[in-house]
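First comes the structure, then the notes that go with it.
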Amino acid sequence: MHIPHLYWRCLAYNAPNRFPLTFDAFIDHGSSTVLISEEYVAKLSLHHKRLLEPYSVELAMEKNGQKVNIKFSEYVKVQLHDPSTFWTSKSVRAIIAPSLCAPMILGLPFLVHNDIVVDASSRTVIDKKCGFDLLNPVPPAPTKLPPKKKLKDFFKELHADQKQMVAKLNMVCNDHLQHTQYNFEQVKPVDVLTVIRQQIEVLAAQKELERLGIQIKNEFRDVFSEIPHLDELPTEVFCRIKLKDALKTVQTWTYTTL
């Protein structure tokens, strides 16, 4: 006559401070939507969003012989996690339902969006992609690392690979030479005297540039001389601009051009 409902002990994070909140969510594969109570929307500080059209629900039990319809107009986006941290759901839209019987009712959108299969007989709720059972969380089996190769075996494999690479390279080169005729360019011998003459000309040009540089510095000595210390600057003030903040930098602005 009665079988206990399927409840998943899940975890969600409070939006502003990422504080975890654990609660029991009711898994209902007969519900066409996902519902969340106003209390837990406030606890998780979720952002309310408006539905384009109100969502109507008809209660299974009649009141005074009349059907009862309830309309909901807001929803939130929420992501759930298994407390073992081995599984995390995709974000789903949950309609805010006042006076809900559970913190959340995870209906078909949650199950379909996360590829979850519910087996009522064995009381399992399994993600068919990774095989994780929400109601019976078991940590995944640790992957065994391959044994570390010995240095001797490593060099044997490296030598074998090297032989194969050289053989393949020779084969490709031979095939290429058979189908291609190369016309090699004749390289002229190096003219030693010309190279020496060019180097002498470069050194002479550098020497002339150094001489011209010294001459210009002497001619415009007042420009190229070192800036004197602040205490040695002239005291006769012809024009003085007093800055509000001498350490403040000038901000530049960029403008678009057509």
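The values are calculated or read from the model by the stated rules, or taken from the named source; none is laboratory data. Every value quoted in this text rests on a predicted model; they were computed, and no experiment measured them. Neighbour counts run over all protein chains shown; Cβ positions are idealised from the backbone, glycine included.
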Legend entry - Odd one out for LEU145, checked against (1) out of contact with any Lys or Arg (no Cβ under 6 Å at 6 or more places or on another chain); (2) surrounded by 10 or more Cβ atoms within 10 Å (Cβ to Cβ): (2)
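Results for (1) buried (at least 19 other Cβ atoms within 10 Å of the Cβ); (2) part of a loop (DSSP other than H, G, I, E, B), shown as yes or no for each residue.
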residue	(1), (2)
PRO83	no, yes
LYS90	no, yes
CYS101	no, yes
PHE110	yes, no
SER122	no, yes
ILE126	no, no
LEU135	no, yes
VAL138	no, yes
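For segment 1-14, give me each residue that is farther than 11 Å from LEU106 by Cβ and in a strand (DSSP E or B). Reasoning before the result, please.
Within segment 1-14, the first condition is being farther than 11 Å from LEU106 by Cβ, and the residues that meet it are 1-5, 9, 11-14.
Within segment 1-14, ARG9, LEU11, ALA12, TYR13 qualify.
Return yes or no: is LYS148 at pLDDT below 85, over 29 Å from the mean Cα position of the chain (by Cα) and assigned to a loop (DSSP other than H, G, I, E, B)? Give the derivation first.
On the way: at pLDDT below 85: yes; over 29 Å from the mean Cα position of the chain (by Cα): yes; assigned to a loop (DSSP other than H, G, I, E, B): yes.
Against the criterion (at pLDDT below 85, over 29 Å from the mean Cα position of the chain (by Cα) and assigned to a loop (DSSP other than H, G, I, E, B)), LYS148 qualifies.
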Legend entry - Pairs, first under 15 Å from PHE72 (Cα atoms) in segment 98-114, second acidic (Asp, Glu) and outside any loop (DSSP other than H, G, I, E, B), C-beta under 7 Å, six or more apart: PRO98/GLU38
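Residues checked against (1) of a type in the set (Ser, Thr, Tyr); (2) closer than 14 Å to LEU106 by Cβ; (3) not in a helix (DSSP H, G or I):
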{"site": "PRO16", "(1), (2), (3)": "no, no, yes"}
{"site": "PHE26", "(1), (2), (3)": "no, yes, yes"}
{"site": "HIS29", "(1), (2), (3)": "no, yes, yes"}
{"site": "TYR40", "(1), (2), (3)": "yes, yes, no"}
Legend entry - Verdict on ALA120 being over 36 Å from the mean Cα position of the chain (by Cα) and of a type outside the set (D, E, K, R): yes
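Filter segment 214-256 down to the residues that are assigned to a loop (DSSP other than H, G, I, E, B) and aliphatic (A, V, I, L, M) and list them by number. Even if it seems obvious, please write down each step before you answer.
The first filter runs over segment 214-256 and keeps only residues assigned to a loop (DSSP other than H, G, I, E, B), leaving 220, 225-229, 233-256.
Hits for segment 214-256 are ILE227, LEU233, VAL237, ILE241, LEU243, ALA246, LEU247, VAL250.
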Inset, instruction - Please determine, by comparing only the residues of segment 1-38 that are aliphatic (A, V, I, L, M) and more than 17 Å from SER91 (Cα to Cα), which one is surrounded by the fewest Cβ atoms within 10 Å (Cβ to Cβ). - result: MET1
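Do we have THR85 as out of contact with any Phe, Trp or Tyr (no Cβ under 6 Å at 6 or more places or on another chain) and at pLDDT below 85 here?
Working: out of contact with any Phe, Trp or Tyr (no Cβ under 6 Å at 6 or more places or on another chain): yes; at pLDDT below 85: yes.
Judged against the criteria, THR85 is a match.
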